[in-house]
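Following: one structure in structure tokens, then a few remarks.
We did not get these values from a lab; they are worked out from the coordinates using the rules stated. As the structure is a prediction and not an experimental result, all values here were calculated from the model. Quick reminder, even Gly has a Cβ in these numbers, built from the backbone with ideal geometry, and neighbours come from all protein chains shown.
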Amino acid sequence: MRAAQVTAYGDAPQLIEIDPPGDPGPCGESVAGPAEVVEVLVAGINPVDIAIGSGKFDAGAPPLPYVPGMEGIGRMADGEVVWFEGAHFPWGSMAERAVITEGSGITLPSGIEPERAIGFGVAGMAAWLSVDWRGQLKDGETVLILGASGSVGQVAVQAARMMGAGRVVGMARSESGREKVLALGADAAIGSDGEVKDLKAGIHEATEGGPDLVIDGLWGKPAAAALQTMKPQGRLVQVGNSAAIESPIVAGPLRGGLVSILGFRNFWAPREVRVATFERMCSLAASGDLELEVEVLALADVAEAWERQSRSPGHKLALSP
């Protein structure tokens, strides 16, 4: 079968021909536990794929070589089309066939194509669940989204608005990104460059006194600034670190304001929550009430897609086998 393969940490994957995984189920010693083979219709590419491929991911890296890809939409042996997350390395989603944990797929709702629905998998789920399930947004609260022009940020802007936020502010690096954030319904958009004191002033002004909830896809200086402006009992949900892996956080405001920093990863949400969230987002997208641009490239262009994802493309990238 055709597949992308990573042969060296830090290098982009290349398209190759390899033997497909065994069908059905476990592929020798490379798959732990009950597993199923799925025909991949579209594979998502996400920041986590780049992080794993670097060999420096905090949760570790698979042995080389391996097929990358932590999510996809595929057809099961019985014809059911499902979205799946996670990977049984070396059989990731960027191939004609992938291996998934038995029974882990979420049925694709009717009315939406796989090429659109893939945007509401890893990226959409991270956005929606960080606002709702993890962030526990309350009606009328002010929400600040750090990294608002990326895939997660764009969905988070819309989710916060739909869930009753009183004010939504997005932070984005480029002018075009800020324009996109405003078009999606944010009340204000601010830049992400500068020192902590300058970012702090911009956040305080744009949020009209500080945020109650921060969805943070940046970390670094933007997160440090946000934490110094938050209202009492504010929450920062940490979903990514595209700006930096470390942040110059000041301790005092955390204690003084009872501010919480909440870690987040999709898989910690109960399955029933993830199923309901995926179905809701797909339904909203099908009715035109939730937007996210998805660009689908051919699997043969995996090296290009990998490089573009590493530069934060500002929309969802996916691959079609």
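Using a 10 Å Cβ count of at most 12 others and DSSP loop calls, identify the longest part of the chain lacking such trypsin sites (Lys or Arg not before Pro). Spell out each step's value before the answer.
Working: sites that count: Lys56, Lys138, Arg311.
The longest uninterrupted stretch comes out as 139-310.
Which value results when the Cα radius of gyration for the stretch 60-116 is divided by 2.2 N^0.38 Å?
Details: Rg = 12.0 Å, N = 57, 2.2 N^0.38 = 10.2 Å.
Here the Cα radius of gyration is 1.17 times the empirical estimate.
For the chain, list the DSSP H helices whose alpha carbon atoms reach 18 Å or more along the long axis and whose average Kyte-Doolittle value is 0.0 or above? Working shown, then result.
Working: long enough: 271-286 (22 Å, 0.17).
Span-like helices in the chain: 271-286.
For the stretch 123-266, what does the alpha-carbon gyration tensor say about shape, rounded, prolate or oblate, given a ≥ b ≥ c as the root eigenvalues, a/c under 1.5 as rounded, and a/b over b/c as prolate?
Details: a/c = 1.29, a/b = 1.13, b/c = 1.14.
Here the stretch 123-266 falls in the rounded category.
What percent antiparallel are the DSSP beta bridges of the chain, to the nearest 5? List each step's numbers first, then the result.
On the way: 26 of 52 bridges.
Antiparallel bridges: around 50 percent, rounded to the nearest 5.
Given labels modelled 7 Å from the Cα in the Cβ direction, how far is it in nm from Met162 to Asp301?
Roughly 2.8 nm, to one decimal.
Where does the chain land at 222 nm, in deg cm²/dmol rounded to the nearest 500, when only DSSP H runs of n ≥ 4 count, each adding -39500 (n - 2.57), divided by all residues?
Calculated mean residue ellipticity at 222 nm is -8000 deg cm²/dmol.
Could you tell me which of Ala244, Ala303, Gly53 has its Cα farthest along the dipole of the chain towards the positive end, charges placed at Cβ (Lys, Arg +1; Asp, Glu -1), taken about the Cα centre?
Ala244
Give me the distance in nm between label points sitting 7 Å out from Cα along the Cα-to-Cβ direction at Glu291 and Ile245, one decimal.
3.6 nm
Cα to Cα, under 19 Å, and not fewer than 8 places away if on the same chain: which lysines meet these conditions relative to Lys221?
Of all the lysines, those that pass the test against Lys221 - Cα under 19 Å, at least 8 places apart if same chain - are Lys197, Lys200, Lys231.
For the stretch 202-260, state which GluC sites (Glu not before Pro) are in a DSSP loop and have at most 13 other beta carbons lying within 10 Å of their beta carbon.
Values: sites: Glu205, Glu208, Glu246; in loops: Glu208, Glu246.
Sites meeting the loop and neighbour criteria: Glu208, Glu246.
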